[in-house]
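Accompanying notes for the structure given below.
The values are calculated or read from the model by the stated rules, or taken from the named source; none is laboratory data. Here the structure is a predicted model, which is why all the values come from computation and not from measurement. Positions of Cβ are backbone-derived with ideal geometry, glycine not excepted, and every protein chain shown enters the neighbour counts.
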Amino acid sequence: MTAQTTFPGAGALRETGKLCQLGIDVVRTSFRRPFQLREFIQQSWFIVSVTVLPTALVSIPFGAVIALQLGSLTRQIGAQSFTGAASVLAIIQQASPIVTALLIAGAGGSAICADLGSRKIREEIDAMEVLGVSPIHRLVVPRVLAAMLVSVLLNGMVSVVGVLGGYFFNVIMQDGTPGAYLASFSALAQLPDLWISEIKALIFGFIAGIVAAYRGLNPAGGPKGVGDAVNQAVVITFLLLFFVNFVLTTIYLTVVPAKGS
Amino acid sequence: MGVEVVVEGLTKSFGKQTIWQDVTLTLPPGEVSVMLGPSGTGKSVFLKSLVGLLKPEQGKIVINGTDLVRCSEHKLYEIRKMFGVLFQDGALFGSMDLYDNIAFPLREHTRKTEAEVRRIVLEKMEMVGLVGAERKLPGEISGGMRKRAGLARALVLDPEIILCDEPDSGLDPVRTAYLSQLLIDLNAQIDATILIVTHNINIARTVPDNLGMLFRRELVMFGPREVLLTSDEPVVEQFLNGRRLGPIGMSEEKDQATMAAEQAHADAGHSDGSLDEDVRGVVPQLEPTPGLPFRDAVRRRKDRVMSIIHHLPYEAQQGIIASLTPEEQARYNVHATAPTPSPWPRQGGVL
């Protein structure tokens, strides 16, 4: 490691490289025995406990907004019978992975980052390495896997709560027909929509976990550094997740034909 | 017996700032060494480099034939199992109580039953005087207790190299004395190589076999304790006596004007912060607690030092010879009254 080359953007590239390296390390290390089951369960439970309530509370109005918007739109173009179909599609394909991503990054990721960051500045991580235990294997892998598991489960929950919220607002507030709303569910939506939704959630969980761990393990000196790291972790994760969502959606729409076409 | 640590031409910098450069020294196997240095001279960085937590840019750290600076991650983790490191604040895991903290290395690296783990952990806890505090969390105990628990954790795997980062910081003089005794006793019992990084003069004078000093990005000297304790080097003299007059200043760099002003103050009768007596000179080394085995390191070091004694400065020679018994003086064929002219310049140098 000699003098580092400097050009505009070199720092950003270097950080990106290190982030990817951590990602690869985590994937590789997650197959190493013994698997830290206890830590994994504890972390899963912890992430669930900080995300489940906010997720439910966010997904109700989210579903409602989509339902109301679509409700008035479909009425304008005279396609009321498709209200349910469109709102299910919108919630499952887009809204629920996005809500999951926001909550996993904002609540779960920030907690992971703060936890690892404070361990780092208390020299706990160093001590662990010196004791011959890899912090990636022992701490990061269980957290990333927990974030992935929880985001898949949260995604399912957001889908259900969002659809219920949409149903409620459409039927009660906009006097939609309950039967028509339910009957049109499968008019546009298809099973692959659910798959892509869950795959997105899985990938979002992975990214949120990796970014949080990376920022947590590399805070810039002192307690203030940990605060900054948490802040950055959340912002970086948001940016990455929205971008990845865009890429995945594009691929999905190109690869999987829409129903009926 | 502990292992030898060979450091060659080690240089570490953070960005453009060089912490220290070209550090070359050998920690003799099984001996106790102390690295002195004013605050901020990179003593802790040196310690962290020795366990591979920081990667120096140049040079080698060779342990058992493996260069820590360039070896693979896997190899590094293997070598680290030989280390016991005491961090400045103990570095205990905040989410575990003391018992689990100390049991952690055993549970991770050995297949011992829980009963055996319990026996070892309780033995080490008794050694550092923490009996009864098993279920306390690190956040609930004092800094001194954290430090002792950190030491207990560093010792459970019977390390061959023990590194201590300022064992005295945050401890009162009595506890520091107990800790020094504990380290010497440990050395007598398991014959581990020990490196203590500190700026405590008492520890430096009484504990080590070898003594070194870092100052201004360089290793000022490293060698048998007598060499540094009798050195005329201005930095060493100032540091040992804890006075303001000399090359070490409040900030990292001290300019000529400040030095001149301080000299003028001192000439006018203002105290320079030190005691009147000069604390340099060879004092008797700490012995293991009676009943424990004799330290093999002392015998090995004596042979080693006596083989190079004619290359040491005159004062150091005198100090060493004076510390020998008449029989030993006869055996090594040296006499306190017959000084050998030193080939070394009087102002000292890196050994």
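Here are a few things to note about the model shown:
- Tally of residues being within 10 Å of chain A (Cβ to nearest Cβ) and crowded, with 18+ Cβ neighbours inside 10 Å across the range B:55-68: 1
- Selection within the range B:22-46 - part of a strand (DSSP E or B), within 29 Å of B:GLN189 (Cβ to Cβ) and over 11 Å from the mean Cα position of the chain (by Cα): B:LEU25, B:THR26
- The range B:65-97: number of residues that are in contact with a helix residue (DSSP H, G or I) (Cβ under 7 Å, 6 or more places away or on another chain) and at positive phi: 2
- Residues in the range A:228-261 that are more than 18 Å from the chain's Cα centre (by Cα), in contact (Cβ under 8 Å) with a residue 60 or more places away in the chain and assigned to a helix (DSSP H, G or I): A:ALA229 alone.
Yes/no matrix, rows are residues, columns are (1) of a type outside the set (D, E, K, R); (2) within 13 Å of chain B (Cβ to nearest Cβ):
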position	(1), (2)
A:GLY117	yes, yes
A:GLU124	no, yes
A:VAL133	yes, yes
A:SER151	yes, no
A:LEU154	yes, no
A:SER159	yes, no
A:VAL163	yes, no
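- Residue check, A:ALA147 within 14 Å of chain B (Cβ to nearest Cβ), crowded, with 19+ Cβ neighbours inside 10 Å and at pLDDT 90 or above: no
- Just one of (1) touching a residue at least 40 places away in the same chain (Cβ under 8 Å); (2) within 20 Å of B:LEU219 (Cα to Cα); (3) more than 9 Å from every other protein chain (Cβ to nearest Cβ); (4) under 21 Å from the mean Cα position of the chain (by Cα) fails for B:VAL51. It is (3).
- Selected residue [closer than 29 Å to B:ARG299 by Cβ and touching a strand residue (DSSP E or B) at 6+ places or on another chain (Cβ under 6 Å)] from B:VAL45, B:VAL23: B:VAL23
- Strands (runs of 3 or more DSSP E) fully within the range B:190-241 counting 2 or more residues that are in contact with a strand residue (DSSP E or B) (Cβ under 7 Å, 6 or more places away or on another chain) and farther than 21 Å from B:PHE87 by Cα: B:218-224
- Residue list for the range B:76-85, restricted to those being of a type in the set (A, V, I, L, M) and at pLDDT below 90: B:LEU76, B:ILE79, B:MET82
- Tallying residues that are among the hydrophobic types (A, V, I, L, M, F, W, C) and within 11 Å of chain A (Cβ to nearest Cβ) within the range B:136-160 yields 3.
- Complete set of residues in the range B:86-103 that are modelled with pLDDT of 85 or more and either surrounded by 24 or more Cβ atoms within 10 Å (Cβ to Cβ) or within 7 Å of chain A (Cβ to nearest Cβ) (or both): B:LEU86, B:PHE87, B:ALA91, B:LEU92, B:PHE93, B:GLY94, B:LEU98, B:ASN101, B:ILE102
- Every residue from the range B:26-41 that is surrounded by fewer than 21 Cβ atoms within 10 Å (Cβ to Cβ) and closer than 13 Å to B:GLU218 by Cβ: B:PRO38
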